[in-house]
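Reading through the structure tokens given below for one structure.
The values are calculated or read from the model by the stated rules, or taken from the named source; none is laboratory data. Keep in mind the model is a prediction, meaning the values are calculated, not measured. Cβ: placed from backbone, ideal geometry, glycine included. Neighbour counts: every protein chain shown.
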Amino acid sequence: MAWPKITVVTPSYNQAEFLEATLKSVLEQAYPNLEYIVIDGGSTDGSVEILERYSHHFSYWVSETDRGQTDALIKGFARASGDILCWLNSDDLFEPWTLTEVATFFQQQGSARVVYGDATVIDRDGRLVRFKKEHSFNRFIWMYDHNYINQTSTFWCRSIYEEVGGLDPAFDLAMDADLWIRFASVAPLYHVRRRWSRFRLYRAQKNQRLRQSSDQEDLTIRRRYLGREPSWSRKMKWVAAKGTRVAWKLMTGCYW
């Protein structure tokens, strides 16, 4: 079997505490057709020394000043030549079986262009916080409740990334949500009930520190599709979306 090329992009800035574990979680999969690209934003905390030790495993890497995470990702994907693309932040981890299972999924589902799996939430020290099991994509729930797709467990074909125009540099925090909903406008989003990543949750994390800004970006995305819908209408639909989501997760065993 010819394994499709998978490009993993890791953006990083001053994450030496976690960086090596992230790199190992990608490289130790021994996936036979991996393109690994690391874009560091000019770290000064020892990250560069770690990257230099692993540099012979990378298809490309650089450490230079950039305009943040989205800019780093755009730079990385511009160099990507893989059939399947994804990104893994430098404080998160892949499960050991992830890339093989993802490749097998795309080979078996010839028409699929996007797939997301489940995830494990861990704390700063790597200890289990909870499992994040999800249901299939539903646009109404996604739009009126929240972006429940696990970014660390999402993979897509390069063709759809190019079709929708890639990541939007206007978004610094909700860039994944913006990309997913544009994917969903042109293709189905598939879900696989397999844990493909470990997502690290801790107070100093970017989305935790900048929660208000992240929520504002999220609102900007929804207004693009919903317009300025009256707050009473959105509230009613949020209740419906939340109720449907909870019931769906209960019926499909997502809570245990």
**Request:** Kindly provide the set of residues from the range 67-97 that are modelled with pLDDT of 95 or more, in a loop (DSSP other than H, G, I, E, B) and among the charged types (D, E, K, R), ordered by number.
**Result:** R79, D83, D91, D92, E95
**Message:** Yes or no: the range 39-56 includes at least one residue that is β-branched (V, I, T), in contact with a Gly (Cβ under 9 Å, 6 or more places away or on another chain) and not in a loop (DSSP other than H, G, I, E, B).
**Reply:** yes
**Request:** Kindly indicate whether any position in the range 230-247 is within 15 Å of R139 (Cα to Cα), modelled with pLDDT of 95 or more, polar (S, T, N, Q) and assigned to a helix (DSSP H, G or I).
**Result:** yes
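Which ones in the range 3-36 are acidic (D, E) and farther than 25 Å from Y202 by Cβ? Before you say what the answer is, go through the steps one by one.
Pass one, the range 3-36, residues acidic (D, E): 17, 20, 28, 35.
E35 - this is the single residue of the range 3-36 that is acidic (D, E) and farther than 25 Å from Y202 by Cβ.
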**Request:** Name every residue in the range 147-206 that is among the charged types (D, E, K, R) and touching a Cys at 6+ places or on another chain (Cβ under 6 Å), in order of residue number.
**Result:** none
**Message:** If K237 meets every condition in (1) under 22 Å from G126 (Cα atoms); (2) buried (at least 16 other Cβ atoms within 10 Å of the Cβ); (3) of a type in the set (K, R) apart from one, which number is that one?
**Reply:** (1)
**Item:** Identity of the residue in the range 37-84, over 14 Å from I6 (Cα atoms), of a type in the set (K, R) and touching a residue at least 12 places away in the same chain (Cβ under 8 Å), that ends up surrounded by the most Cβ atoms within 10 Å (Cβ to Cβ)
**Value:** K75
**Asked** L34 passes all but one of (1) touching a residue at least 40 places away in the same chain (Cβ under 8 Å); (2) within 17 Å of the chain's Cα centre (by Cα); which number fails?
**Response** (2)
**Prompt:** Within the group L219, L210, which residue is surrounded by 13 or more Cβ atoms within 10 Å (Cβ to Cβ), modelled with pLDDT under 95, more than 14 Å from the chain's Cα centre (by Cα) and not small (G, A, S)?
**Reply:** L210
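Of all strands (runs of 3 or more DSSP E) completely enclosed by the range 103-172, which ones contain at least 2 residues that are among the basic types (K, R), in contact with a strand residue (DSSP E or B) (Cβ under 9 Å, 6 or more places away or on another chain) and within 23 Å of L19 (Cα to Cα)? First the steps, then the outcome.
Values: elements: 114-122, 128-132, 154-157.
Hits in the range 103-172: 128-132.
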**Item:** Exclusive hit being buried (at least 17 other Cβ atoms within 10 Å of the Cβ), touching a residue at least 60 places away in the same chain (Cβ under 8 Å) and under 22 Å from L88 (Cβ atoms), set R158, R182, R193
**Value:** R158
**Message:** Among the residues in the range 131-143, are any out of contact with any Asp or Glu (no Cβ under 7 Å at 6 or more places or on another chain), among the charged types (D, E, K, R), surrounded by fewer than 19 Cβ atoms within 10 Å (Cβ to Cβ) and more than 29 Å from M236 (Cβ to Cβ)?
**Reply:** no
**Message:** Given (1) of a type outside the set (D, E, K, R); (2) within 20 Å of the chain's Cα centre (by Cα); (3) under 22 Å from L201 (Cα atoms), identify the lone condition not met by G82.
**Reply:** (3)
**Residue list for the range 85-108, filter: surrounded by 15 or more Cβ atoms within 10 Å (Cβ to Cβ), over 13 Å from the mean Cα position of the chain (by Cα) and of a type in the set (A, V, I, L, M, F, W, C)** = L99, V102, A103, F105, F106
**Fill in**
With criteria (1) of a type outside the set (D, E, K, R); (2) at pLDDT 90 or above; (3) assigned to a helix (DSSP H, G or I), H191 comes up short on (3)
